[in-house]
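The values are calculated or read from the model by the stated rules, or taken from the named source; none is laboratory data. Computed from a prediction, not measured in an experiment: that's the story for all the values here. Positions of Cβ are generated from backbone atoms using ideal geometry, with glycine treated the same way; all protein chains shown enter the neighbour counts. The accessibility values were calculated without ligands, DNA or RNA, using every heavy atom of the protein model including side chains. Shrake-Rupley method; radii C 1.70, N 1.55, O 1.52, S 1.80 Å.
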Amino acid sequence: MKTYQEMSREELLQEKTALEAEYEKIKEKGLALDMSRGKPGAEQLDLTMGMMDVLDSRTVLASENGTDLRNYGGVEGIPEARKLMADMIGVKPENVIVYGNSSLNIMYDQVARAEMFGICGNTPWCRLDKVKFLCPVPGYDRHFAITENFGIEMINIPMTEDGPDMDLVEQYVNNDPAVKGIWCVPKYSNPQGVVYSDETVRRFAALKPAAADFRIFWDNAYAVHHLYEEEQAEILNILEECEKAGNADMVFEFCSTSKVSFPGAGVAAIATSEANLADIKKRLTIQTIGHDKINQFRHVKFFKNQEGIRAHMMKQAQIIRPKFELVENLLEQEIASRGIGKWMNPKGGYFISFEALSGCARKIVEKCKEAGVVLTGAGSPFPYKKDPEDSVIRIAPTYPSLEELKEAAEVFVVIVRLVSVEKLLESK
């Protein structure tokens with residue numbers, strides 16, 4: 001099979017006519033399919049329903065340290081939950097504060113506190129002329145929404161197969177005191193599925209920031225979200241590496257059970273140094289008297305320990321792995337053979353990042369919407385929603401059923417082919 005680049009203008013015109021006819025047929029179906037957000041599907045959520053049965057009116061609602069879970073208190077979280085969350089990301093329980101259901105909420109709070117009060121005695125960011133954040137791209141749109149919300153200048157850092165371009169990271173962090181942070185999803189990154197190499201993690205830990213209050217926002221969202229039992233990525237412990245490098249205070253690590261248990265009723269946590277924890281608790285004790293200890297206890301009773309979480313996530317993998325493989329196989333058959341797109345085959349996480357021909361992403365997303373298939377907005381994986389190449393599209397395979405996903409993916413590849421032909425015809 002010829003690639004589209006190898007085709008003559010006449011051949012491309014014939015292909016365009018055939019694809020337009022196929023596109024019109026698709027539109028007549030009146031589809032309503034959604035591949036826009038990385039939400040667990042109903043089958044995954046069903047796996048957690050047993051959590052509703054682990055407590056009842058006869059349960060003694062007391063933690064191992066004697067705290068009455070029905071009452072106020074316990075701003076750090078109950079000891080059992082601190083251990084469960086610590087084990088999930090491989091840190092010490094004493095480095096962890098367990099919050100409510102959302103790690104995004106914790107990240108927002110960390111930026112807000114830095115803006116209003118400063119970090120560990122440093123000048124509040126709101127009093128500075130300029131605050132900058134490094135943003136590995138493509139990346140997580142909700143990270144970028146937080147920093148944009150506070151008027152923080154965001155700087156694109158290209159991703160490599162080993163993580164962010166560390167030469168650029170070092171150049172900015174070590175020389176510009178206005179650079180106060182960087183967003184990171186170190187394992188199965190959103191949306192590409194990149195796993196940070198050991199060298200990348202060590203280079204992060206060895207940074208010499210020009211700003212005393214520079215922090216790495218290490219969102220370990222997919223720590224246990226493997227697709228394959230025999231191929232499970234591991235990354236170095238950033239807290240340990242920072243401590244070895246004499247930078248113990250440089251990182252905030254975030255995690256949650258949002259895509260492990262129930263997204264709207266999970267448990268989230270932050271792990272960081274003793275000094276950072278003290279600084280956080282100083283404000284947190286004013287903000288709240290304590291989070292939902294009963295829900296923390298419910299999670300401990302259901303999962304029991306890290307082995308329980310691992311077993312649960314392998315059940316989830318059996319549900320979502322076929323969805324990823326379906327999309328990847330279709331892309332391989334219909335797109336790779338025609339030379340009109342690139343992607344990684346992630347071993348975990350929640351997304352496939354598709355890179356179309358330059359200048360095609362927005363048009364692909366628009367045509368998919370017209371055909372009844374909703375995708376994440378083009379540009380979303382970049383700060384200010386500005387993809388410089390207009391090429392990256394985030395595909396979220398988890399939420400639809402396998403049958404719906406097959407139909408949506410088939411529509412997607414037809415539209416990618418059509419838009420690609422149109423783009424190539426412009427230059428022939």
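For the range 376-404, the set of residues classified as without any contact (Cβ under 8 Å) to a residue 60 or more places away in the chain and assigned to a helix (DSSP H, G or I) consists of Glu403 only.
Condition check: outside any loop (DSSP other than H, G, I, E, B) and either in contact with a Ser or Thr (Cβ under 6 Å, 6 or more places away or on another chain) or not aliphatic (A, V, I, L, M) (or both). Does Glu407 satisfy that? For Glu407, the condition - outside any loop (DSSP other than H, G, I, E, B) and either in contact with a Ser or Thr (Cβ under 6 Å, 6 or more places away or on another chain) or not aliphatic (A, V, I, L, M) (or both) - is met.
Ser103 satisfies every condition listed in (1) under 18 Å from the mean Cα position of the chain (by Cα); (2) closer than 18 Å to Ser256 by Cβ; (3) open to solvent by 60 Å² or more (accessible area, probe 1.4 Å) except (3). Screening Asn156, Asn174 for residues that are touching a residue at least 24 places away in the same chain (Cβ under 8 Å), open to solvent by 50 Å² or more (accessible area, probe 1.4 Å), in contact with a helix residue (DSSP H, G or I) (Cβ under 9 Å, 6 or more places away or on another chain) and outside any loop (DSSP other than H, G, I, E, B) leaves exactly one candidate, Asn156.
Cβ-Cβ distances below 9 Å connect the following pairs, each with a first residue in the range 407-423 that is open to solvent by 10 Å² or more (accessible area, probe 1.4 Å), a second residue that is basic (Lys, Arg) and part of a helix (DSSP H, G or I), and a separation of six or more residues or different chains: Arg417/Arg338; Glu422/Lys16; Glu422/Lys363; Lys423/Lys363. Scanning the range 169-224 for residues that are of a type in the set (A, V, I, L, M) and within 28 Å of Thr376 (Cα to Cα) returns Val169, Ile182, Val185, Val194, Val195, Ile216, Ala221, Ala223, Val224. With the structure loaded, tell me whether Gly139 is in a loop (DSSP other than H, G, I, E, B), of a type outside the set (Phe, Trp, Tyr), open to solvent by less than 10 Å² (accessible area, probe 1.4 Å) and at pLDDT 95 or above or whether it fails that test. Here the answer is yes, as Gly139 does meet what is asked.
Restricting attention to the range 30-78 and to residues that are among the aliphatic types (A, V, I, L, M) and open to solvent by 60 Å² or more (accessible area, probe 1.4 Å), the residue that is nearest to Tyr222 (Cα to Cα) turns out to be Ala42.
Among the residues of the range 344-385, the ones that are open to solvent by 50 Å² or more (accessible area, probe 1.4 Å) and not aliphatic (A, V, I, L, M) come to 11 in all.
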